[in-house]
Each structure stands twice: as structure tokens, then as C-alpha cells.
Amino acid sequence: MPPRPPSSSSPSRQRSAVALTSSTAWYDTPLYYDMVYADYTAMETRFIEGICRRHAGTGRRPLRVLEPACGSGRLLESLSRRGHHVHGFDLNRHQVAFARDRLRRKGLKGRVWIDSMDRFKLPTERPFDVVHCFVSTFKYLTTGAAAKRAIRLMAAAARPGGLVLIGLHMSDYRDRREGYERWIGRRRGLKVISHTWSYRPDRRTRLEPMKTRMRILRGDQVRVEDTHWNFRTYSPKELKELIAQAPALELVACHDFRYELHSTRRIDNEYGDIILVLRRKQPRP
Ligand SMILES: C[S@@+](CC[C@H](N)C(=O)[O-])C[C@H]1O[C@@H](n2cnc3c(N)ncnc32)[C@H](O)[C@@H]1O
């Protein structure tokens, strides 16, 4: 169990608070998740299009896109709106229902199903121009065996010359400080404040305890939901070892969570956020 986080500031008025603790609450409420991450969607969408033009030779044609662990479907929607052909799956049935419904309500096409990152089966034989998995989602695979299966499945889903994009936060085992991030989302009278803490990564178990506390405010009411989980850790060296587990892929570039095409970085001891741009190798003639 991670240490207790610092207490959050008291609300200005008396509110009725309900504290719920569960390992799944964070994703069982797709709307709240969606609100908190909404600000990133346009940037990520432009990044996917730009990186495919640069490294997969796709020009401006519609992309075939696969998103393992697609969550609420925010990227499925934004890419589908721009004419791309989107497929996505998630382990959480609430997220899948939410993602399907948002595409249907907006008259957008896309296939969404329940599946897991390390065992997924595709409903199509046609390979993808790009397979993407951002915001540390790959770290939900907490064993080496699961991570290896997942990266190999993602590689197999891409066409030769197509891309696999993995964005995650690297761990520094020497750093004993807690990590903390705060996000706020607002939509139609609802405000969601998400506080996320990451605790000391363990080099031996390769686990990093995480906690999210969501404060959901509507009018005078506040609801508090806590979620605890573990992420698998990746130091720069361990990230290189992960890439080596998928010999069908080659690393062509690295970026960070600013999603800027002009700024690249390396897998080095700067830790922090990284986006791996991996390309499926062409078969030898
Ligand atoms: C941080 S969200 C990312 C969602 C989406 N990719 C996005 O960028 O908005 C993580 C998602 O991973 C899903 N997830 C966690 N472990 C999974 C697994 N093993 N297979 C499939 N989905 C998983 C969760 O249900 C959740 O929807």
C-alpha cells in the first residue's frame, strides 16, 4: 500500500463527501477519465498523423489505426473525425461501452471490442499503418511475460513499414521522491480534479505503486474516488530490453509527452516521459 498522500485543500463550502476505494473506480467512470485527459487529444492526434507521414510514408491518406487499451475512445473519435479508420479495444467493459456509444452518437465509424493488450485477437486480417499506446498504458502489463506478448502482438498488427508508438513514463530507481500530477476537467456543470501520486519504484519487483484520487464536483456535492494500482517500471536500460523482445521492430525515433515533431530525444538517463517510435521491419527480399 502506498503512503498516504498529503490531504487536499478543504472546499470553500460545506459539501457532502463520499469516499470510495476500489481498484477499478478510475476506469469504471469513463466520463471522468475522458474529461481529465481531453486537453491532450488534439495534440496526440496531430502527432500520430505527423509521425506516420514522416516515418511510415503514409502521406495524407486515411490511416488504419489500432489503439490497444483505447479507454473512453477520445482518440478513436478524434482520428475517426479526421477520416481515419479506427479500431480499439479495452479490458474494461465500461470504457468499451462508452467508446462505442460516442462513435455511434456522432455517426462515426470504428470497431471497439473487449480484449487485453497481451492476448488480443484482431477482427480483421488487414494490418495497420499505426498501433499506438500512450500515457503509460503499456505499464499496466506488470510482468515481463505479458509485456513481451503485448509488444509482439502490436508488432504483428502493424504492416511492414507501419509504426508502433508507445508512450510511457520511465522510472528512476535512485529517486526516492513521490511523483505528483494534478489534472482538471470541466464539462457541463461538472468539474473533475484528478490527483495522481507515484511512489518509489522497486528495482527488484519492477513495480511502482500508483494512486489516483478523483474529486468530482457537481453544484454543492463532492464525491471522492480513490484508485490504487501498480505499474511496471522501465529504466532506460529496461526499455531497450523491451524493444529487443520484438525483433520485428526497429526504433526510428523518440519524442516526449509534448508531442512535438521537431523535438526528438534519446533513451537515456534523463528519465521522464518518452514516446518510442518503432517501425515494423520490411521483409528481406
Ligand atoms: C490511461 S487509460 C488510456 C486510454 C486511452 N488509450 C487514452 O489514451 O485515452 C488506460 C486504459 O487501459 C486499460 N487497460 C489496463 N490494462 C489493460 C489490459 N491489460 N488490456 C487492455 N486494456 C487495459 C484500462 O481499462 C484503461 O481504459
Go through segment 78-96 residue by residue and tally those that are surrounded by fewer than 23 Cβ atoms within 10 Å (Cβ to Cβ), within 11 Å of the ligand (Cβ to nearest atom) and not β-branched (Val, Ile, Thr).
5
From the list Thr196, Thr124, Thr137, exactly one residue is hydroxyl-bearing (Ser, Thr, Tyr), in contact (Cβ under 8 Å) with a residue 12 or more places away in the chain, closer than 22 Å to Leu75 by Cα and away from the ligand (no atom under 16 Å from the Cβ). Which is it?
Thr124
Take Tyr33 and tell me if it is at pLDDT below 90, within 11 Å of the ligand (Cβ to nearest atom) and outside any loop (DSSP other than H, G, I, E, B).
yes
In segment 140-161, which residue that is over 30 Å from Pro209 (Cα atoms) and surrounded by 18 or more Cβ atoms within 10 Å (Cβ to Cβ) is farthest from the ligand (Cβ to nearest atom)?
Ala158
Looking at Asp226, Asp202, which one is modelled with pLDDT of 95 or more, among the acidic types (Asp, Glu) and not assigned by TED's automatic domain parsing to the domain that holds Tyr259?
Asp202
Hey, does segment 253-271 have a residue that's in a strand (DSSP E or B), exposed (fewer than 15 other Cβ atoms within 10 Å of the Cβ), at pLDDT 95 or above and not aliphatic (A, V, I, L, M)?
no
What's the number of the condition Ala145 fails, among (1) in a strand (DSSP E or B); (2) without any contact (Cβ under 8 Å) to a residue 60 or more places away in the chain?
(1)
Qualifying residues in segment 41-57 (those that are surrounded by 20 or more Cβ atoms within 10 Å (Cβ to Cβ) and more than 15 Å from the ligand (Cβ to nearest atom)) - the one nearest to Thr264 (Cα to Cα)
Ile51
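The values are calculated or read from the model by the stated rules, or taken from the named source; none is laboratory data. From a predicted model like this one, the values you see are computed outputs, not experimental measurements. As a convention, Cβ positions derive from the backbone with ideal geometry for all residues, glycine included, and neighbour counts pool all protein chains shown.
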